[in-house]
Amino acid sequence: MMFSSSRPMGHYPAAQVKMATMTLATVQMELARQKKMPFSAEAYLDVLNRLLEPLAIVQGPMGLRTWLSEVQYFMGLMQQRSFSGRPLMPRERQVLTWYSTQWRALRGGPCDMGRPEAQIVLMSLGELARF
């Protein structure tokens, strides 16, 4: 599920923040597990997608910065894979293109993908999917 906030300024009820905090802890554990496993672009992108909303709720605008750091780490893994001669499978290319397009379309609140740093990272993901 992609992030869509009815609260564009990032003001959330305490119950929603508490739920997001628990979700964030779970997703961060799964992200740590993904980093230890053999690289799978599709699985890693799924975790990154689920990480965005709880980070935005819990950390506000700084959550996007944290999330972009994780996306950049993912891009580094993609580059390592490419340099070792293991190209992306067609399904991985499709998923990578879809996620970068969806993330670029997000606007408003702490998950504003219109920010220049977000655009640079997400356009780079789109470029990686072509090779």
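The values are calculated or read from the model by the stated rules, or taken from the named source; none is laboratory data. Since we're looking at a predicted model, the values are computed, not measured. Positions of Cβ are generated from backbone atoms using ideal geometry, with glycine treated the same way; all protein chains shown enter the neighbour counts.
Of all residues in the stretch 108-125, none are in contact (Cβ under 8 Å) with a residue 60 or more places away in the chain, over 23 Å from LYS35 (Cβ atoms), touching an Asp or Glu at 6+ places or on another chain (Cβ under 9 Å) and surrounded by 14 or more Cβ atoms within 10 Å (Cβ to Cβ). The numbered conditions (1) loosely packed, with under 14 Cβ neighbours inside 10 Å; (2) under 12 Å from the mean Cα position of the chain (by Cα); (3) touching a residue at least 12 places away in the same chain (Cβ under 8 Å) are all true for SER100 except (1). Just wondering, is there one or more residues in the stretch 106-121 that are under 12 Å from the mean Cα position of the chain (by Cα), modelled with pLDDT of 90 or more and more than 28 Å from PRO13 (Cα to Cα)? Scanning the stretch 106-121 turns up no residue that is under 12 Å from the mean Cα position of the chain (by Cα), modelled with pLDDT of 90 or more and more than 28 Å from PRO13 (Cα to Cα). Would the stretch 7-27 turn up any residue that is assigned to a loop (DSSP other than H, G, I, E, B), modelled with pLDDT of 90 or more and more than 17 Å from the chain's Cα centre (by Cα)? Looking for residues that are assigned to a loop (DSSP other than H, G, I, E, B), modelled with pLDDT of 90 or more and more than 17 Å from the chain's Cα centre (by Cα), one finds none in the stretch 7-27, hence no.
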